[in-house]
1. Can you list the DSSP H helices in chain A whose Cα atoms extend at least 27 Å along the helix axis and whose mean Kyte-Doolittle hydropathy is -0.5 or higher?
2. Using the eigenvalues of the Cα gyration tensor, what equivalent ellipsoid semi-axes result for region A:95-164 when each is taken as the square root of five times the eigenvalue, whole Å, largest first?
3. Between A:LYS68 and B:ASN100, what's the calculated FRET efficiency when r is the beta-carbon distance and R0 is 56 Å? Round to 0.05.
4. Can you work out D for region B:22-84 in µm² s⁻¹ from Stokes-Einstein, where Rh is the Kirkwood radius over C-alpha pairs, the temperature is 37 °C and the viscosity is 0.692 mPa s?
5. Can you give the average number of partner chain beta-carbon atoms within 10 Å of each beta-carbon in peptide A:125-135, as a whole number?
6. Please find the FRET efficiency linking A:LYS109 to B:PHE75, where r is the Cβ-Cβ separation and R0 is fixed at 35 Å, and quote it to the nearest 0.05.
7. Counting only chymotrypsin sites (Phe, Trp or Tyr not before Pro) that sit in a DSSP loop (anything but H, G, I, E, B) with at most 15 other Cβ atoms within 10 Å, what is the longest stretch of chain A containing none of them?
8. Cα centroid distance between region A:101-164 and region A:30-76, in Å?
Amino acid sequence: MAIKDGFVKEVEQESVATRKMLERIPAESFDWKPHERSMTMKGLAGLVADMFGWFSFMIDQDELDFAKGYERPDPKTTQDLVNFFDKKLAAGMESLKNADDAVFSENWKLRNGDTIYWEASKLDVVRQTINHMVHHRGQLSVFLRLKDIPVPAIYGPSADEGQM
Amino acid sequence: MDSTSTAKTNNIAAGLIKELEQEAAVTRKLLERVPAEKFDWKPHEKSMPMGRLATHVAEMHGWTKPTVDDPELDFAKMDYKPFEPKTTEELVAHLDKNVNEAIEALKNASDEAWFEDWSLRNGEQIYFTIPKIAVMRGMVLNHIVHHRGQLSVYLRLNDIPVPAMYGPSADEGQM
């Protein structure tokens, strides 16, 4: 089994619940946040929608340099948000599916000009990106609950759906 | 352990142990910050209380051993009593115990064993049958990260500083 095979399967699985959550976020709630120091619903949902697209620059390039600019998602509607997710997921998957095992031993950097924030193997970077998405999607599930939006079953039933 | 039989590789377990240790260090930081007087607090009537959510994050590490050692988990045969910590220290100690047990269990897992089937069932009813690696990856590790993410919002809502996790939080680790 190639390294990418496990990742592809896992990303496909995780994407199902992610998409379901994004589909439920009404545009009226985009500016809402549960605490003054929290991200807004749009900021958090946009980040969750963006993250699987990161595989493109993590696999096909050797670094991401914030000094060169990074375009953050700015959806206006729920449909924009879901479309953005679909587009990013498709791009990330394309890169993953074309990655041979050797690529995952290559080094990758996150930097801002001369400041290096993070340097790790592409294997670790891809792995951590999946965990990172799951982390923020977990946060997003609390945002949904607080806005009385039904939380989909993710790893098991939620209080709203999928009771066994 | 039998060291005379054909050498089995355990590269998968080595990667999982490294990841579990990294993630558990962050998880521990969060649990250390959950005050006992907030164990009953919840952000919404349908939410888990903070103490239950934090304990759930700690106890889920304990699912590693049955994933590695057994072919299934049958709710019908389980006598599940949720651990109920009285203090933050008890909560953190529960995490430490479960993380250590998980790492010990992982050390015995050969690469090929990860591709054996594993089922979650309740007597006759089978919820799912998937390879052990998918159980460990999704139902254990990602599932922990999911609930820990929820816990980070609970901390924020209680004005408890959120530690830097995968990057800086609004409270700590600014670049």
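1. Membrane-span-like by this criterion, though nothing is claimed about a membrane: A:78-97, A:122-146.
2. In descending order, the three semi-axes are 35, 17, 8 Å.
3. Efficiency, rounded to the nearest 0.05: 0.80.
4. The Stokes-Einstein estimate is 240 µm²/s.
5. For this peptide, the per-residue mean of nearby foreign Cβ atoms is 5.
6. Working from the Cβ atoms, E equals 0.15.
7. A:71-164
8. Between the Cα centre of region A:101-164 and that of region A:30-76, the gap is 12 Å.
The values are calculated or read from the model by the stated rules, or taken from the named source; none is laboratory data. None of the values given here were measured: they were computed from a predicted structure. FYI the Cβ positions are ideal-geometry reconstructions off the backbone, even for glycines, and counts take in every protein chain you see. Surface areas here come from the heavy atoms of the whole protein model, side chains and all, with no ligands, DNA or RNA. Shrake-Rupley method; radii C 1.70, N 1.55, O 1.52, S 1.80 Å.
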